[in-house]
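The values are calculated or read from the model by the stated rules, or taken from the named source; none is laboratory data. All values reported here derive from a predicted model rather than from experimental measurement. Heads up, the Cβs are rebuilt from the backbone with ideal geometry, glycines too, and the neighbour counts pull from every protein chain shown.
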């Protein structure tokens, strides 16, 4: 019986959102994206998922998405936008979206880093929703939210390419890749063991 339980956990852990080159964001967990191209990273994830995307952002933010920016990655009709007035309501909306378990991804576009306790609540909500949704926190600067499953930094590079860095992951070391072909069918090329930013 113990072996059966361990096998079930292993199979569940293997499920996730595949980006290519062995990169995977586990389902039913909350991840973080930072860097100047964090919105592009979120669009890339949306293009890999099925189902609606719940996007939560305060109405005064300058980084509001528009259909023209979404369309190269995914159909804009897949996106539902929630614009709560209060900062604390952004994470509450994300928690409820993850708990519902009826979206492919729930994104919270934040101006500041969340505390550890709300992030833990988000993980619990994702599990309560059946682990079917990917949670993504968009954070400023180089990020640093505590308790996230993975942290990614993305920035534009020369010649229509992107520099993607995995700054933190529970089960993998920091690493970097050059990404070409976004949107569309991106190709990832390892950029060496060193990353530009520390976790």
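Computed values, structure above
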{"quantity": "Yes/no for residue 98 being on the phi < 0 side of the Ramachandran plot and crowded, with 20+ Cβ neighbours inside 10 Å", "calculated": "yes"}
{"quantity": "Contacts under 6 angstrom Cβ, first residue in the stretch 21-42 being at positive phi and surrounded by fewer than 21 Cβ atoms within 10 Å (Cβ to Cβ), partner at pLDDT below 95 and not in a loop (DSSP other than H, G, I, E, B), 6 or more apart", "calculated": "21/188"}
{"quantity": "Among the residues listed as 112, 150, 117, 139, the single one being in contact (Cβ under 8 Å) with a residue 12 or more places away in the chain and surrounded by fewer than 16 Cβ atoms within 10 Å (Cβ to Cβ)", "calculated": "112"}
{"quantity": "Candidates 25, 98 - the one that is within 17 Å of residue 149 (Cα to Cα), at pLDDT 85 or above and either more than 12 Å from the chain's Cα centre (by Cα) or assigned to a helix (DSSP H, G or I) (or both)", "calculated": "98"}
{"quantity": "Some residue of the stretch 181-199 being surrounded by 15 or more Cβ atoms within 10 Å (Cβ to Cβ), without any contact (Cβ under 8 Å) to a residue 40 or more places away in the chain, over 17 Å from residue 46 (Cα atoms) and touching a helix residue (DSSP H, G or I) at 6+ places or on another chain (Cβ under 8 Å)", "calculated": "no"}
{"quantity": "Selection from the stretch 169-189 of residues that are within 22 Å of residue 72 (Cα to Cα) and in a loop (DSSP other than H, G, I, E, B)", "calculated": "181, 182, 183, 184, 185, 186"}
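Let's see how each residue does on (1) out of contact with any strand residue (DSSP E or B) (no Cβ under 8 Å at 6 or more places or on another chain); (2) farther than 16 Å from residue 19 by Cα:
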position	(1), (2)
135	no, no
138	no, yes
146	yes, yes
154	no, no
165	no, no
175	no, no
178	no, no
